[in-house]
Amino acid sequence: MKSRVKSKKVRIRSYFIMLLIILAGIGGTGLFLIIHNNDSRQMQEAANNFIHVLENKEYEKLGDVLEKQSYTSAGYTLKEVIDKYDAIFNGINIDNIQASKIKFEKIDDNEQELSFRLNATTPLGALENLEYHTKIVKTDGEYRVKWNPSLIFPGMEGKDKVAFRHWKAERGEMKDHLGNGLAINEVFKEAGIVPKDLSRGNEKEKRLQKISQQFDIPVEEIHEKLNQDWVKEDLFVPLKIIESNKAEVIPGISYQTAKLRYYPLKEAAAHLIGYVGKATKEDLEKTPHLAEGDMIGKAGLEKALDKELRGKDGGEILTVDENGEKKQEIQTLEKIDGKTIKLTIDNYIQMEAFKHLKGKPGSTVVMNPKEGGLYAAVSSPSFDPNKMAQGISQKDYDQYANDENKPFISRFATGYAPGSTFKAITSSIGLDAKVTYPNKLRKINGLSWQKDKTWGGYSVTRVSDVQNVDMRKALIYSDNIYFAQEALEMGEKTFRNGLKQFIFGEQLDLPIAMKAAQISNKSTFDSGILLADTAYGQGELLISPIQQAAMYSVFQNEGKVVYPRLLDEKRERKTKPAITSSTANEMKDRLEEVVSDPNGTAHLLYNEQHQLAAKTGTAELKMQQGEKGDENTFLLAFDAGNDQFLLLSLVEHYTAGSSATQLNQSFIEELYEYFQMR
């Protein structure tokens, strides 16, 4: 009995001991798991902190996440590590850094392998999937990242550096249809001062005075340049761009070579070709991929075609050793030079058209009437685009800006009332409407006429008192009254519908800013007076010289408008039927008579060797009937024999001897000679 009780007690004690052992085991495992989980969390936190520093470029916090011995054993101080990251990532402007595929692999209780990938954006574009590997180790009770140079860019070691080489795309050139340069890249000399070369005291001031006179820069302006914050004794301070052959030896002046934009036709093509300039803060905000100092188109075709001309910069990011020898390519982007653009412009015709305006406010457009290519688009007065591109002085700019003749206006793209040249359009509409006939006579008495008393004090006036007027005479003498009466007989509906067959209201496919041609301010004339005035080219008509040239192309193309173009591309010409071919041929004959008839307003241009057709025009600008207003004169002239050219010229503020016809007389002779030689 006692032995059974004793045995039972022994078993109970054994079970109790076993239970204690089990409970102790469970407790130990729990403690181990708690410690292990805490270590894992700390390792992950260390990794996350390091990656956060990289993504946000908070390099000043690297000391909190890196193991000290790892960078000191690599020969770096903490400051050198921080400075290296800052110089590379901020210096090269590497942004949008993002980590992905972050992985841990246990090595032992105190060390884990960390791997991750980085994507970023550099000046060369997206840089993707850079693979990084390092270790996280426990030091003095804290987990830190072991650092080496390969954590900047994979493959870096020792004192390797990162180099960024920028390859600047060369701006594409613009050439005329024969390959002559209109906007080219030319080698210039940039004159400047290295302050230490100026000497001291009186000698310095003497040199500055000499430099001021030589380069036409006020001494005060030179002092301002020399007093800029960045200037040091041995640094080159740029003053002025000059042509290479004008670089003279001047005490205190140094020269550097610079490749810059140059415009060989200068003032003659300034409004059309435009000019380049440095991108402004506003430009940089509008176009993010531009960089400070980039040259972009500021006006004319340079601006309109900037994207094609500018091309795309390239470059490379690579690692180099301490001696600068290339080790590893990180990223490369080939540069793409800008496209060379060929225009329909003819540089000889452009130059001569400008020269013959003799500085008068006006414009001349010369067009290939069959293909639509513009041989010339000239605006006068003008400015030198080379001054604008190379950095115009305030004095020169003010001279342009204060000129009452407004040399910055592109007159070939500005709307004007076309004056009597427009009678050729009115005649054409009348012929097609069966209202106007070549031999139809109108009996007109005196130099003024009004429809009836409802016109009040308003009347239409003419220059020549011809009583029996047909269409032929009306064109020869440029009779306002005849065309006013024809339009009134046609009525607004017929006349306006005829005008709509031309290019009114259309935006032309040209890289030139230009408002659409306008018939009137409103969709209807609302008065017989406005209808009559429109018939002889006044009223509220607004047509640019380029648009006028396009409209008058109907007479050399069987009644079709040939749309103007500037880019010399192999593509089918664009046309639009406006009048019948029979009307176009009739008008061509009549406009030849305006030149050949001794009474014709364009008889000054007559040369029996040429088959020239023309129509002159004057648009008077006045506020009320009876006053003498300022006059703009126009000339439409075209080669009716071989259809080699069409010319439309405008001269503002007519004074004796400076009408569009008079100024272009010798130019038209030159055109015939030029086309004969080609």
| remark: residue 497 meets each of (1) of a type outside the set (Ser, Thr, Tyr); (2) crowded, with 18+ Cβ neighbours inside 10 Å; (3) within 44 Å of the chain's Cα centre (by Cα) with one exception, condition (2)
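Before we move on, is residue 430 in contact with a Pro (Cβ under 8 Å, 6 or more places away or on another chain), surrounded by 20 or more Cβ atoms within 10 Å (Cβ to Cβ) and at pLDDT 95 or above?
So residue 430 fails the test.
Somewhere in the range 510-519, is a residue among the basic types (Lys, Arg), more than 13 Å from residue 415 (Cα to Cα) and either part of a loop (DSSP other than H, G, I, E, B) or out of contact with any Phe, Trp or Tyr (no Cβ under 8 Å at 6 or more places or on another chain) (or both)?
no
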| query | For the range 76-94, which residues satisfy the criterion of being at pLDDT 95 or above, outside any helix (DSSP H, G or I) and loosely packed, with under 13 Cβ neighbours inside 10 Å? | reply | 77
| request: Show the residue pairs that are 6+ apart or on different chains and have beta-carbon atoms under 6 Å apart, the first residue being within the range 343-361 and in contact (Cβ under 8 Å) with a residue 60 or more places away in the chain, the second being of a type in the set (Asp, Glu) and not in a loop (DSSP other than H, G, I, E, B). | output: 352/670
| request: Kindly indicate the residue of the range 265-277 that is in contact with an Asp or Glu (Cβ under 7 Å, 6 or more places away or on another chain) and in a strand (DSSP E or B) and also surrounded by the fewest Cβ atoms within 10 Å (Cβ to Cβ) among those meeting that condition. | output: 275
| query | Using beta carbons and a limit of 7 Å, which pairs, at least six apart or on different chains, have the first residue in the range 218-245 and among the acidic types (Asp, Glu) and the second one surrounded by 10 or more Cβ atoms within 10 Å (Cβ to Cβ)? | reply | 233/195; 233/196; 234/194; 234/196; 243/188
| surrounded by fewer than 16 Cβ atoms within 10 Å (Cβ to Cβ), more than 30 Å from residue 405 (Cα to Cα) and basic (Lys, Arg) - does that describe any residue in the range 667-678? | yes
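Looking at the range 49-75, which of its residues are farther than 22 Å from residue 138 by Cβ and part of a loop (DSSP other than H, G, I, E, B)?
Kept after step one, since they are farther than 22 Å from residue 138 by Cβ, are these residues of the range 49-75: 55-60, 75.
Of everything in the range 49-75, those that are farther than 22 Å from residue 138 by Cβ and part of a loop (DSSP other than H, G, I, E, B) turn out to be 57, 58, 75.
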| said: Which count do you get for residues in the range 412-464 that are touching a strand residue (DSSP E or B) at 6+ places or on another chain (Cβ under 9 Å) and under 18 Å from residue 579 (Cβ atoms)? | reply: 5
| query | Regarding residue 519, is this residue touching a helix residue (DSSP H, G or I) at 6+ places or on another chain (Cβ under 9 Å), under 19 Å from residue 419 (Cα atoms) and either of a type outside the set (Asp, Glu) or surrounded by fewer than 17 Cβ atoms within 10 Å (Cβ to Cβ) (or both)? | reply | yes
| note | Just one listed residue, out of 439, 405, 468, 445, is modelled with pLDDT under 95, touching a His at 6+ places or on another chain (Cβ under 9 Å) and not aromatic (Phe, Trp, Tyr), and it is 405
| task | Being buried (at least 17 other Cβ atoms within 10 Å of the Cβ) and among the charged types (D, E, K, R) is the filter; apply it to the range 187-221 and report the residue that is farthest from residue 375 (Cα to Cα). | result | 207
| query | Within the bounds of the range 107-124, is there any residue that is basic (Lys, Arg), closer than 21 Å to residue 320 by Cα, part of a strand (DSSP E or B) and modelled with pLDDT of 90 or more? | reply | no
| List the pairs whose first member sits in the range 574-598 and is more than 17 Å from residue 471 (Cα to Cα), whose second member is surrounded by fewer than 17 Cβ atoms within 10 Å (Cβ to Cβ) and not hydroxyl-bearing (Ser, Thr, Tyr), and whose Cβ atoms are under 8 Å apart, counting only residues at least 6 apart or on separate chains? | 574/509; 581/558
| Which residues, taken from the range 345-379, are outside any strand (DSSP E or B), hydrophobic (A, V, I, L, M, F, W, C) and surrounded by 22 or more Cβ atoms within 10 Å (Cβ to Cβ)? | 345, 349, 353, 354, 357
| query | When the range 455-480 is examined, which residues are found to be among the β-branched types (Val, Ile, Thr) and free of Cβ contacts under 8 Å to residues at least 24 places away in the same chain? | reply | 461, 463, 466
| request: Test residue 594 against the stated conditions and say whether it is among the hydrophobic types (A, V, I, L, M, F, W, C) and over 30 Å from residue 524 (Cβ atoms). | output: yes
| request: Being touching a Phe, Trp or Tyr at 6+ places or on another chain (Cβ under 8 Å) and either surrounded by 14 or more Cβ atoms within 10 Å (Cβ to Cβ) or under 19 Å from residue 599 (Cβ atoms) (or both) narrows it down to one of 466, 435, so name that one. | output: 466
| field | Given (1) modelled with pLDDT of 95 or more; (2) surrounded by fewer than 16 Cβ atoms within 10 Å (Cβ to Cβ); (3) over 21 Å from residue 514 (Cβ atoms), number of the condition residue 628 does not satisfy | value | (1)
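Residue by residue through the range 394-413, note down the ones that are of a type outside the set (D, E, K, R) and either crowded, with 17+ Cβ neighbours inside 10 Å or free of Cβ contacts under 8 Å to residues at least 24 places away in the same chain (or both). Explain how you work it out, then say what you get.
Going through the range 394-413, the residues of a type outside the set (D, E, K, R) turn out to be 394, 397, 399-402, 405, 407-410, 412-413.
If the condition is that a residue be of a type outside the set (D, E, K, R) and either crowded, with 17+ Cβ neighbours inside 10 Å or free of Cβ contacts under 8 Å to residues at least 24 places away in the same chain (or both), then 394, 397, 399, 400, 401, 402, 407, 410, 412, 413 are the ones that fit.
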| remark: Those residues of the range 279-319 which are basic (Lys, Arg), part of a helix (DSSP H, G or I) and over 13 Å from the mean Cα position of the chain (by Cα) amount to 281
| query | Filter the range 94-125 for residues that are among the polar types (S, T, N, Q) and farther than 22 Å from residue 314 by Cβ; which is farthest from the chain's Cα centre (by Cα)? | reply | 110
| Single match in 570, 574, 560, 588 (criterion: within 22 Å of residue 412 (Cβ to Cβ) and among the basic types (Lys, Arg)) | 574
| query | Just checking, how many residues over the range 438-456 are among the polar types (S, T, N, Q) and either surrounded by 13 or more Cβ atoms within 10 Å (Cβ to Cβ) or touching a Ser or Thr at 6+ places or on another chain (Cβ under 7 Å) (or both)? | reply | 2
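With respect to residue 619, determine if the residue is under 29 Å from residue 373 (Cβ atoms), buried (at least 24 other Cβ atoms within 10 Å of the Cβ) and modelled with pLDDT under 95.
For residue 619, the condition - under 29 Å from residue 373 (Cβ atoms), buried (at least 24 other Cβ atoms within 10 Å of the Cβ) and modelled with pLDDT under 95 - is met.
The values are calculated or read from the model by the stated rules, or taken from the named source; none is laboratory data. From a predicted model like this one, the values you see are computed outputs, not experimental measurements. Here the Cβ is made from the backbone with ideal geometry for all residues, glycine too, and neighbour counts use every protein chain on show.
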